[in-house]
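Peer 1: Following this message is one structure expressed as structure tokens.
The values are calculated or read from the model by the stated rules, or taken from the named source; none is laboratory data. Predicted model, so just to flag it, every value in this text is computed and none were measured. Don't worry about glycine lacking a Cβ; one is built from the backbone with ideal geometry, like all the others, and counts go over all protein chains shown. Accessible surface is based on the protein model in full, side chains and every heavy atom, while ligands, DNA and RNA are left aside. Shrake-Rupley method; radii C 1.70, N 1.55, O 1.52, S 1.80 Å.
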Amino acid sequence: MCGIAGFIGPLANINSRNVLRDMSAAITHRGPDDDGFFEATTRDGRYQTGLAHRRLSIIDLSTGHQPMGNEDGSIQVIFNGEIYNFHSLRDELITLGHHFATNSDTETIVHAYEQWGERCVEYFRGMFAFALWDSRKECLFLARDRFGKKPMFLCENRSTLLFASEIKSILTFPGIKAEVDTAAVWDYFAYRYVPAPATLFRGIRKLMPGCYAIWEKGVLREKNYYRPPDREVFAGAPLPADPVGAFLDKLDEAVNIRMISDVPFGAFLSGGIDSSAVVGLMSRHSAQPVKTFSVGFAEARYSELGYAKTIAEQFKTDHHELVVSQEHLIQYLPELVRFRDAPVAEPSDIPIYLLAKEARKTVKMVLTGEGSDEFLGGYPKHVYERYAGWYQTVPGFIRHGLLEPLVQALPYRFRRAKTAIVNLGLERFEERMPRWFGALSDAERMQLVAMSPPVNHTSGVQFDSPSANSALRRILHFDQTSWLPDNLLERGDRMTMAASLEARMPFMDHELAAFVSNLPDKYRVQGHTTKWILREAMKRLLPPAILQRPKVGFRVPVNEWFQGSMREYLYEHLKSASSLTGGYYQPAMLEKILTDHVAGRQNHEKLLWSMLNLEIWHRQYMK
């Protein structure tokens, strides 16, 4: 795991080596072990290209320095991520006549590109973002993995293309100014994050997951090479004799290949079924006790440390615990907004970062349970969405005049029922999807936000799964192409890399994703049981207490904290004269949201958290 940055363009009157060093220094946390640089000029002298690399050494500690080239140096690559099938690819490429000088997975990219060109990305099983300079063709090849586990940001500044693992690196380039994209702010209120390809910074965007880009002779073209299989209507396929056993074998393999490492590693363990499954399978393949790391809260009803301890004791792990308080949140939040270059979309970012710092004391890499919900159907919405069509046949005066007001008046403990009723009443699929995660509906956004909607603007979300697809597959496709890469994976990458820790995600193996997508829906959601196939498979490995516990999610008690000790902090950011975002809101509606939450009449924790973080982001970048 590393950090990459670079440029290509006509850089007259600019010291390119100093530019590269500044871009590299901004992301030192991603790779504190080593740095490397490469510069070249096109044969006609018009364009300069520069590559910068920060290394976090995980595989091939002695010869894995980057940029890395082929035998004659005509190809140079900088790479962030891991290619898990590099051993088999290496063997195949050697058979085809290629010669390797290292034991690094990075060199596999070099020779795969020589052999297969742009199609090389189709051969990689892993997580990656890389930049490759081909001096013979004088082209720059940029690529990002299938699901967007590793980041790649782009900025086209006049005739120069900039790229980097993090936006802060691009902002060091001469002449680049941090300016807010108001259309992205508008989208932020609808999603609680900014959907790709946009960012909150005007002129800076993301290379989309499953895409590559090629710069050649001053022209940049982008191409999609992968789409999640849940996008398509289920066509039916022959079932394995034992689907549950076959799934377990696939998941076990996905875990095992992610344990390839030349440094100590462990796992994040929450005590839920996902991370417990990962730890249980890791224990099968490890001769030493697996190092596990868990985080909890002083508020007992939010803490899962007891469940995590159950798993740690069962598999005899080397277990570490950390307790987080509201003081940590206030202390670290501005710093983490800076690490993320964006609002911290979820309160759980803070404990994840603190857990990563704790883990980094003894390991350099962890496995996590991220992605299980989005590929196996783990959220309540994956059960409820099927009822949308039926609910919308109920006459509007009953839904809007009777049911919804009654449900909205229920206490907070009925929050899932409240969310379901409101969301099922939204007729547009495109509006329902983000609203399931606590964002604003179109009507709610118009009531709160004072800014005018952008003209002729649509978000970049890919709502292109056919309407004939099942409700489950359509909603999973949204999760896999928007919620996951633009929120959860971005969170996971920035919070772990801020601590110089690599995180790997077995549930997001693309071969595993293809396997479960080829099963009928009932193998993922059966009745009201979510992640059915995982629960069945884990009956062979995990105790009933873990399998039968209700989904909690990694909840941070900001609801209570906003009503108590963080109240003044919240008001100072949103209501004081120093607030930079006050102009975004209708004053009366902002006051109502704050007072209703503090008084306990409604729980607006997710909305208030989003608004607080948007203000902190402005203070970090727009002052």
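Peer 1: Would you work out what percent of the accessible area of the stretch 295-359, with all protein chains in place, is carbon or sulfur (probe 1.4 Å)?
Peer 2: Result for the stretch 295-359: 50 percent of the exposed heavy-atom area is carbon or sulfur.
Peer 1: Per-residue ellipticity at 222 nm for the chain, helices alone: DSSP H runs ≥ 4 residues times -39500 (n - 2.57), over residue total, nearest 500 deg cm²/dmol?
Peer 2: Result for the chain: -10500 deg cm²/dmol, rounded to the nearest 500.
Peer 1: What part of the accessible area of the stretch 520-578, given as a whole %, is carbon or sulfur when the probe is 1.4 angstrom?
Peer 2: Percent of accessible area from carbon and sulfur atoms in the stretch 520-578: 54.
Peer 1: For E560, E568, give the ranking by accessible area with the largest first, probe 1.4 Å.
Peer 2: Solvent-accessible surface, decreasing: E568, E560.
Peer 1: Ok, one more. Straight-line reach from K592: which aspartates and glutamates fall under 14 Å, measuring Cα to Cα and dropping same-chain residues less than 8 apart?
Peer 2: Counting by Cα, and skipping residues close in sequence, K592 has these aspartates and glutamates nearby: E444, E605.
Peer 1: While we're looking at this one, here's another question. Give the lysines whose C-alpha is closer than 25 Å to that of K316, dropping any in the same chain fewer than 8 places away, or say none.
Peer 2: K250, K291, K357, K361, K364, K539, K551
Peer 1: Ok, one more. May I ask you to list the lysines whose Cα is less than 20 Å away from that of K206, ignoring any residue fewer than eight positions away on the same chain?
Peer 2: By straight Cα distance, K206 reaches K149, K150, K168, K177, K223.
Peer 1: State whether the stretch 155-293 is rounded, prolate or oblate according to the following rule on the C-alpha gyration tensor (a ≥ b ≥ c being the square roots of its eigenvalues): a/c under 1.5 gives rounded; otherwise a/b larger than b/c gives prolate, and the remaining case gives oblate.
Peer 2: Prolate is the answer for the stretch 155-293, as a/c is 1.5 or above and a/b outweighs b/c.
Peer 1: Under the rule a/c < 1.5 gives rounded, and otherwise a/b versus b/c splits prolate from oblate, where does the stretch 398-476 land using the Cα gyration tensor?
Peer 2: In terms of gyration-tensor shape, oblate.
Peer 1: FRET efficiency for R428 and A25, Cβ-Cβ distance as r, R0 = 45 Å, nearest 0.05?
Peer 2: The value I calculate is 0.50.
Peer 1: Separate question: Among DSSP beta bridges whose residues both lie in the chain, state the antiparallel percentage, nearest 5.
Peer 2: Looking only at bridges with both residues in the chain, the antiparallel portion is about 80 percent.
Peer 1: Considering only protein heavy atoms, what per residue accessible area in square angstrom results for the chain with a 1.4 angstrom probe?
Peer 2: 38 Å²
Peer 1: For the stretch 1-69, run through the trypsin sites (Lys or Arg not before Pro) and keep only the ones in DSSP coil with at most 11 other Cβ atoms within 10 Å of their Cβ.
Peer 2: Counting only loop positions with at most 11 other Cβ atoms within 10 Å, the trypsin sites (Lys or Arg not before Pro) in the stretch 1-69 are R43.
Peer 1: OK, next. Report, to the nearest whole %, how much of the accessible area of the stretch 37-165 belongs to carbon and sulfur atoms, 1.4 Å probe, protein only.
Peer 2: 44 percent
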